[in-house]
Amino acid sequence: MTTVLELEERCADAWPALVDERLGGWRLRAAGGFTGRANSALTTGDPGVPVADALAAVSGFARRHEIRPLAHVVVGSPHEDAVARTGWRVDLDHPGGAESLVLTGPLAAFATPKPEGVAEGVSEGVAEGVSVPTSPSEGWWELAAQAEPTPAQRHVLGSGGVVGFGQVARDGVVLAVVRGAVVGDLLHVARLAVRPEARRRGLARALLGGLASWALERGATTCALQVAEHNTPALELYRSLGCVEHHRYRYWAPNHS
């Protein structure tokens, strides 16, 4: 089984920050405030200095890049108690939720099989309108971020390994989107979104099936995704596709932030 350290490193590579500096085995990340993952210190490794000193460096990095100081800390990790002893607290007000689950699963379990006569490498899925282009459409940006994405959004979502911008479009309208990034044999899944008027039609499941097929062709065998613990519909969907909990993480912040 992939270790927590390995999985978190791959997920970080798949979700690239604008600035990513090493502090020993920690990664200090900044991306204009777009998402907690790209604007927090990944603390899974050994920083090479006492944790209190490492967190002081995190705060200094955050000031230089005009973001809130945040630490991405795996629940039950060796550093969790040390972070708590410094006076940092779980960021209960984090917009995406204080705690998230990291799920993993085999891609073959939910990949959409190609119909006869469709060649390998073709991204069109079985379900009508499902495709995984390698560049995002205007409709994809509108659903995944906003109609006019910021430079940080373009960098985080538009780069990071081999990236596919899955979408379901019908009659010229993009109804559902997802982002997939292949890092080694791992597919990182993020930004799944369906227009409110198109929900409960199975579009998310069909879209994920097409994305899984696309990733299998590019050498991926498993997927990983991060879901806030309160996002019950997403957890139910991914679990129905064979994904299971690998570990959890929480964001921590200093009391004065």
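The values are calculated or read from the model by the stated rules, or taken from the named source; none is laboratory data. The model shown is predicted, which means the values in this text are computed figures rather than measured ones. Methodologically, a virtual Cβ is constructed for each residue, glycine included, from the backbone with ideal geometry; neighbour enumeration extends over all protein chains shown. Surface areas here come from the heavy atoms of the whole protein model, side chains and all, with no ligands, DNA or RNA. Shrake-Rupley method; radii C 1.70, N 1.55, O 1.52, S 1.80 Å.
Restricting attention to the chain, close to 90% of DSSP beta bridges with both partner residues there are antiparallel. Quick one: Cα centre-to-centre distance for segment 1-37 and segment 126-204, in angstrom? Spelled out, the Cα-based centre of one part sits 21 Å from the other. Multiplying the residue separation of Val49 and Asp81 by 0.36 nm and subtracting their alpha-carbon distance yields 10.0 nm. Would you mind getting me the FRET efficiency between Arg239 and Glu138? Use the beta-carbon distance for r and R0 = 35 Å, nearest 0.05. The calculated FRET efficiency here is 0.60. When Arg200, Arg191, Arg63 are compared by accessible surface with a 1.4 Å probe, the order from highest to lowest is Arg200, Arg63, Arg191.
Please give the calculated 222 nm ellipticity per residue for the chain, where each DSSP H segment of at least 4 residues contributes -39500 (n - 2.57) and the sum is spread over every residue; nearest 500 deg cm²/dmol? Computed ellipticity for the chain at 222 nm equals -8000 deg cm²/dmol. Straightening the chain between Ser159 and Asn255 buys 31.2 nm, computed as 0.36 nm per residue apart minus the Cα-Cα spacing. Taking R0 as 25 Å, what's the FRET efficiency between Asp93 and Glu21 from their Cβ-Cβ distance, rounded to 0.05? The value I calculate is 0.45. A probe of 1.4 angstrom, applied to the heavy atoms of all protein chains, finds Asp81 with accessible area near 100 square angstrom.
State whether the chain is rounded, prolate or oblate according to the following rule on the C-alpha gyration tensor (a ≥ b ≥ c being the square roots of its eigenvalues): a/c under 1.5 gives rounded; otherwise a/b larger than b/c gives prolate, and the remaining case gives oblate. Because a/c hits 1.5 or more and a/b exceeds b/c, the chain counts as prolate.
Per residue, the average separation of C-alpha pairs within less than 8 Å and at least 6 apart gives the chain a relative contact order of 26 percent. If R0 is taken as 35 Å, the Cβ-Cβ distance between Asp171 and Gln146 corresponds to a FRET efficiency of 0.95.
About the centre of its Cα atoms, the chain shows a dipole size close to 360 debye [charges on the beta carbon of Lys, Arg (+1) and Asp, Glu (-1) only; nearest 20 debye].
Shape class of segment 2-41 from the Cα gyration tensor (axes a ≥ b ≥ c, square roots of the eigenvalues): oblate, since a/c reaches 1.5 or more and a/b does not exceed b/c.
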